[in-house]
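The values are calculated or read from the model by the stated rules, or taken from the named source; none is laboratory data. Here the structure is a predicted model, which means the values were calculated and not measured. Cβ atoms come from the backbone with ideal geometry, glycine included; neighbour counts cover every protein chain shown.
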Amino acid sequence: MRLSLSSLFFKSPFEDLQEHADKVKECARLFREAAVCHIGEECKQFDLLTEQVARMESEADDIKRRIRNHLPRGILMPVDKFQFFQYLREQDKVMDEVEEALFWLSFRPSGIPDEVSEDFQHLVEAVIPPIEQLSDLVALARGYFKSKSGAQREKMKSLVRDIRQYEREADHLERELKFKIFNTMKDPLVVFHMVRLVEIVGHIADHAQNASDRMRAMIAQ
């Protein structure tokens with residue numbers, strides 16, 4: 001008797017991957033809220049939002065461990081297991097960078113310098129869409145690896161292109177903001193802090209794109 005692929009394991013690993021992606025998406029919302037709060041200087045919720053992100057990152061780590069522990073060596077999957085774990089690693093890195101960005105923001109209780117506060121907010125807004133779209137990408141993948149639908153595959157490729165474009169836009173804003181920091185600020189400590197903070201925020205979009213590229217590789221099989 002021939003067994004369907006889905007019957008070879010009790011639960012598709014893509015279900016847990018979706019749960020992880022949804023945590024990442026929720027983390028993006030909290031990151032935006034915390035960053036805007038910090039820029040405004042008057043918000044009293046920054047520490048609370050940071051704690052919520054840390055708690056969510058811990059929950060995402062639990063999901064990541066569950067995925068790894070529930071994939072025995074001999075299990076059959078519709079994708080290459082190594083590529084699957086690479087995708088998970090990059091998606092998880094998004095949350096790590098969000099937590100790191102909030103950590104660096106906390107070093108300046110007085111908020112972002114006025115000269116670059118608006119530009120920094122634009123950068124934060126630019127990295128949100130590629131994070132949020134990872135959840136949609138995994139949802140499409142769950143359907144595609146069951147149906148192998150050509151239409152579903154094209155939707156995934158289109159979403160990967162969108163994420164890549166968002167990353168390019170964020171990268172452009174990151175370079176422009178660094179240039180402005182170096183040309184408007186005199187305090188070397190402030191320059192160092194802001195450049196490092198901007199790089200970390202830019203890494204958020206980088207890892208989102210890396211994740212989408214891994215998904216593109218999986219559907220290319």
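Some observations on this one:
- Summed over the stretch 80-100, residues that are assigned to a helix (DSSP H, G or I) and either acidic (D, E) or under 18 Å from K44 (Cα atoms) (or both) total 6.
- Subset of the stretch 164-189 (residues that are over 17 Å from H122 (Cβ atoms) and surrounded by 14 or more Cβ atoms within 10 Å (Cβ to Cβ)): R164, M185
Here is a yes/no grid of residues against (1) among the aliphatic types (A, V, I, L, M); (2) surrounded by fewer than 16 Cβ atoms within 10 Å (Cβ to Cβ); (3) at pLDDT 95 or above:
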residue	(1), (2), (3)
Q45	no, yes, no
R108	no, yes, no
I112	yes, no, no
H122	no, yes, yes
Y144	no, no, no
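- Residue list for the stretch 184-196, restricted to those being farther than 12 Å from D119 by Cβ and assigned to a helix (DSSP H, G or I): P188, L189, V190, V191, F192, H193, V195, R196
- Candidate set from the stretch 49-99 (those that are over 14 Å from the mean Cα position of the chain (by Cα) and aromatic (F, W, Y)); member that is farthest from R142 (Cα to Cα): F82
- Flag not set for Y166, criterion: in a helix (DSSP H, G or I), in contact (Cβ under 8 Å) with a residue 60 or more places away in the chain and not acidic (D, E).
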